[in-house]
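Encoded as structure tokens, the structure appears first; notes follow it.
We did not get these values from a lab; they are worked out from the coordinates using the rules stated. Owing to the predicted nature of the structure, the values given are computational and were not obtained by experimental measurement. Cβ: placed from backbone, ideal geometry, glycine included. Neighbour counts: every protein chain shown.
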Amino acid sequence: MQNIYGITLEDLENYFLNKNDKKFKATQIFDWIYKKRISNFDDMKNVSKETIKTLKDDFYFKKLEIVKKQEDIDVAKYLFKLEDDNLVEAVLMYHDYGTSICISTQVGCNMGCKFCESGRLKKVRNLEVYEMVSQILMVESDIKKRISHIVLMGIGEPFDNYDNVIKFIDIVNCGKGIDIGSRHITVSTCGIVPKIKQFTNYDKQVNLAISLHAPNNNIRDNIMNINKVYKIEDVMNSIKEYIKKTNRRVTFEYIMLKGVNDSKECALELSDLLKGINCYVNLIPYNETSHIEYKKSSSESIKTFYDILKKNHICVTIRKEFGSKVNAACGQLRSNYKEV
Ligand code: SAH
């Protein structure tokens, strides 16, 4: 038995073909599930009784359970309980251009970034495809509105759950499915180089963001364990290859941590590192958490850092702060709920 929200259109077509049945039935089923949003095989009016019986033998409908929701004006944070009682979260943000959702890809995370709350719970398991799809469906049905953008920046490292993440993208991007444009989907990684290389050959125009957070190996080694495996030079080389092949602009995320990576020297070094690369930098004011000692840089140092990058012709923005009142940094809601 498989959860119906975890199958791609192509796999469902193959399912029917393997049963010597018609491939178009997959489109009909997708239409019921994702356009009409029914969650019962018996409600599929134009599908034969026989097909419904076959489907019932192999698939079931089950979404996640929302156990907590915290809201502010421009943001809502959801805590979901999975079938095995594990908890993950998603954050919905209202922008002038639409609504975006930040979803989780794993229960816990093994990347061990020192500033990050999610990593305090080591990876328990990968999220299944249906668990990622269900985060979207649950939130859309809660707000009674369509979501326009997806970022994979919640709990977990998407490239440590690569195959499921790709299937998830196929389903949400599929015109017959949830139908969110590939350019409206962003995958964020801490820099798993072999997966960046694999992603370079992925044929959808999905955005790639790299959590860089430091301009050199010294600082990066201290705050991100992954840098002990894949050095900045390796990450940058794989990104250059990615840009060459895809012609797409890459985002570098850079959390501003007081006294750690926010000096003028760091800004100059970062400008040098990114010179000539088709990218933009997103400076992220650190969202402080009670369990971790890092502090957020002052607005003045963020502004100075920003100005130095600008002066050196690096495209840069300062991320709008959402949801500091609702513990929106990844992993915080789960962590506070569990009091771990
Ligand atoms: N593992 C992936 C995606 C999840 S983290 C990655 O590393 O990119 C999503 C982003 O949130 C990363 O850039 C991460 O470094 C950042 N982040 C983690 N904790 C944060 C906090 N307390 N404040 C601001 N950003 C944070």
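In plain terms, if you count all Cα to Cα distances in the chain and split them into 20 Å steps from zero, the share in each step is 30, 55, 14, 1 percent.
Taking the charge dipole of the chain about its Cα centre, with +1 at Lys and Arg Cβ atoms and -1 at Asp and Glu Cβ atoms, the residue from HIS213, MET93, ALA76 reaching farthest to the positive side is MET93.
For the chain, DSSP calls about 45 percent of its internal beta bridges antiparallel. Put the Cα centre of the range 14-51 next to the Cα centre of the range 157-173 and the gap is 23 Å.
Computed from Cα atoms, the angle from the helix 299-311 axis to the main principal axis of the chain rounds to 90 degrees. Charge tally around ASN227: other residues with Cβ under 14 Å, Lys/Arg +1 each, Asp/Glu -1 each, net 0. Expressed in nm², what is the orientationally averaged projection area of the convex hull enclosing the Cα positions of the range 201-298? Here the figure is 7.0 nm², rounded to one decimal.
For the range 65-339, the Cβ-based charge dipole about the Cα centre amounts to some 540 debye (Lys, Arg positive; Asp, Glu negative; other atoms uncharged). Of LYS77, LYS195, LYS56, the sequence from fewest to most neighbouring Cβ atoms within 10 angstrom is LYS56, LYS195, LYS77.
Per residue, the convex hull spanned by the Cα atoms of the range 152-255 amounts to 97 cubic angstrom. Fully extending the segment from ASP21 to ASP57, taken as 0.36 nm per residue of separation minus the present Cα-Cα distance, adds 11.4 nm.
Under the simplified labelling scheme, the LYS45-TYR202 pair shows an inter-label distance of 3.8 nm, with each label point 7 Å from Cα along Cα→Cβ. By the equivalent-ellipsoid construction on the alpha carbon gyration tensor, the range 35-90 comes out with semi-axes of 33, 15, 6 Å, ordered largest to smallest.
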